[in-house]
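Worksheet: the structure to be examined is printed underneath.
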Amino acid sequence: MAKRKTPGPAKEKKGHNSSKAKDLGSKELTEAEKRELFLKDLASYQKSLGHKKAADADLLAVGKRIKADGFTLAQIKTAIELDDPEGEVAVRQRVLNTLQAARWVGSDVGEQMEMFSEPSRTPIVYRAYEEGQRAAMENKPAKPQFEPHTAAYRGYMKGFHDHTAKLVAENITSGAIVTEGIKAEA
């Protein structure tokens, strides 16, 4: 049987990283110094709480917009998880577990399990095209992870430029392109 550790006397903590606490070193704080630290901590906490409330309200508004756009928060959270290699493994495992359970209860959904348990058969050129398109949709620069002489590189750049051309065409037709402020060189 393992012996339990009995806790020793609690160590008293002195202040935090404030300059007042550092300057005092191991010296005990006076009541006025403790009050000063407390009031600073109170103000910092209230300020942070205000930021948190504003961020919570913003997050709630974004959630409502996501739903109004026809998506679910679960889809958004899954997409965030899929952006990380470890997250992608976790999502894949959840899908496989769901499909396995569906197969065991005789659901037609379970018949698709093999499709998810094997590596993707999508050619790299198509995946690269999608990556390029996504970069353009997210207004990111074209930075393919492929060597310039490869078909994957060309696919990425094609996807990027196809979407960019679509945006330019839409803006030209809608008259959204603004040329104010562009001055010709003398």
> Of all residues in the range 98-157, which are in a helix (DSSP H, G or I), among the aromatic types (Phe, Trp, Tyr) and either modelled with pLDDT of 90 or more or closer than 23 Å to Glu88 by Cβ (or both)?
Replying inline: Phe116, Tyr126, Tyr129, Tyr153, Tyr156
> When Asn171 is evaluated against the numbered criteria (1) under 30 Å from the mean Cα position of the chain (by Cα); (2) at pLDDT 90 or above, which criterion, by number, is the only one it fails?
Replying inline: (2)
>> Against the condition out of contact with any strand residue (DSSP E or B) (no Cβ under 6 Å at 6 or more places or on another chain), closer than 30 Å to Leu60 by Cα, of a type outside the set (Lys, Arg) and without any contact (Cβ under 8 Å) to a residue 40 or more places away in the chain, how does Ala151 come out, does it pass?
In response: no
>> Quick check on the range 78-94: of everything there that is loosely packed, with under 11 Cβ neighbours inside 10 Å and among the charged types (D, E, K, R), which residue is modelled with the lowest pLDDT?
In response: Asp83
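Per-residue answers, yes or no, for (1) modelled with pLDDT of 95 or more; (2) surrounded by 10 or more Cβ atoms within 10 Å (Cβ to Cβ); (3) of a type in the set (Asp, Glu):
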position	(1), (2), (3)
Lys5	no, no, no
Lys14	no, yes, no
Ser18	no, yes, no
Lys22	no, yes, no
Gly25	no, no, no
Lys52	yes, yes, no
Gly63	yes, yes, no
Phe71	yes, yes, no
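The values are calculated or read from the model by the stated rules, or taken from the named source; none is laboratory data. Values in this document were obtained by computation on a predicted structure and should not be read as measured data. Virtual Cβ from ideal backbone geometry, glycine too; neighbours counted across all protein chains shown.
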